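First comes the structure, then the notes that go with it.
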Amino acid sequence: GIERLMESAGKAVAEFYSNTIGEDSLCVVVGKGNNGADGICAARYLQTWGYDVSLLLVGNGNDNVRKQLSLANFNIVDNIVGRAVIDCLFGYNFRGEMGEPFSSVVEEINNLSIPTISVDIASGFYADGGHATTHIESSVVLALGWLKKGSMESNAVYVADIGVPNYLYEEYGVNSAELFPKKGIIKIK
């Protein structure tokens, strides 16, 4: 179910961060939906592994966000702190333009010029291509499960296997063994 996929996604994000950016202190920017819950799950792993992790919560989180928050004690902050950011503000369902307080947070991230990993798709980008006026200019995108067309507008793009059942890949004509040849995270560009 969704909880298993979320746990797999969170661990994949944490491992990717650890193997790529790896800065000791970071801020996970958490939106109100499942993308935010994935980020909290990643933060839990990173915190367990010794990273100094802070969470910036933006908006009122859904049930999955609240559940993930209950699984550990987190340092909750009002502004971005740390030497890197994991962007979990919006996921692939985002459409239109973002209002406050989201747009101010995105502008703050972009102005910091620190490494930023966007989870699934950079916040403010549309899954089928294009983006809102305000959007995150991430260093790298880690797409979850499969690539979203909108992710290709980012500089560096990877895809993580999070345990999506093979039959779902097959429904879209994708061979998961070809997508993930003997590894769980692949570089697209």
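The values are calculated or read from the model by the stated rules, or taken from the named source; none is laboratory data. All values derive from a computational prediction rather than experimental measurement. For neighbour counting, all protein chains shown are included, and Cβ atoms are generated from backbone atoms with ideal geometry for every residue, glycine included.
Any residue in the stretch 27-49 that is touching a strand residue (DSSP E or B) at 6+ places or on another chain (Cβ under 7 Å), more than 27 Å from Gly130 (Cα to Cα), among the hydroxyl-bearing types (Ser, Thr, Tyr) and at pLDDT 95 or above? No, because not a single residue in the stretch 27-49 is touching a strand residue (DSSP E or B) at 6+ places or on another chain (Cβ under 7 Å), more than 27 Å from Gly130 (Cα to Cα), among the hydroxyl-bearing types (Ser, Thr, Tyr) and at pLDDT 95 or above. Counting the residues of the stretch 159-184 that are closer than 14 Å to Ala12 by Cα and hydrophobic (A, V, I, L, M, F, W, C) gives 5. For beta carbons closer than 6 Å, sequence separation of 6+ or different chains, a first residue in the stretch 33-49 that is in contact (Cβ under 8 Å) with a residue 60 or more places away in the chain and a second that is in a helix (DSSP H, G or I), the qualifying pairs are Asp38/Met6; Asp38/Ala9; Asp38/Gly10; Ala42/Gly10; Ala42/Val13; Ala42/Ala14. Look at (1) surrounded by fewer than 24 Cβ atoms within 10 Å (Cβ to Cβ); (2) part of a helix (DSSP H, G or I); (3) within 14 Å of the chain's Cα centre (by Cα) and you find that Gln47 fails only one, number (3). The set of residues in the stretch 13-32 that are without any contact (Cβ under 8 Å) to a residue 40 or more places away in the chain and closer than 26 Å to Asp63 by Cβ comprises Ala14, Lys32. Selection of the stretch 60-100 for residues being of a type in the set (Gly, Ala, Ser) and out of contact with any helix residue (DSSP H, G or I) (no Cβ under 7 Å at 6 or more places or on another chain) yields Ser70, Gly82, Ala84, Gly96, Gly99. Return yes or no: is Val53 modelled with pLDDT of 95 or more, within 23 Å of Tyr158 (Cβ to Cβ), over 14 Å from the mean Cα position of the chain (by Cα) and part of a strand (DSSP E or B)? Yes: the conditions hold for Val53.
Given the structure, is Ile86 surrounded by fewer than 12 Cβ atoms within 10 Å (Cβ to Cβ), of a type in the set (Val, Ile, Thr), within 21 Å of Met6 (Cβ to Cβ) and in contact with a Leu (Cβ under 7 Å, 6 or more places away or on another chain)? Can you show your working first?
Values: surrounded by fewer than 12 Cβ atoms within 10 Å (Cβ to Cβ): no; of a type in the set (Val, Ile, Thr): yes; within 21 Å of Met6 (Cβ to Cβ): yes; in contact with a Leu (Cβ under 7 Å, 6 or more places away or on another chain): yes.
The answer is no for Ile86.
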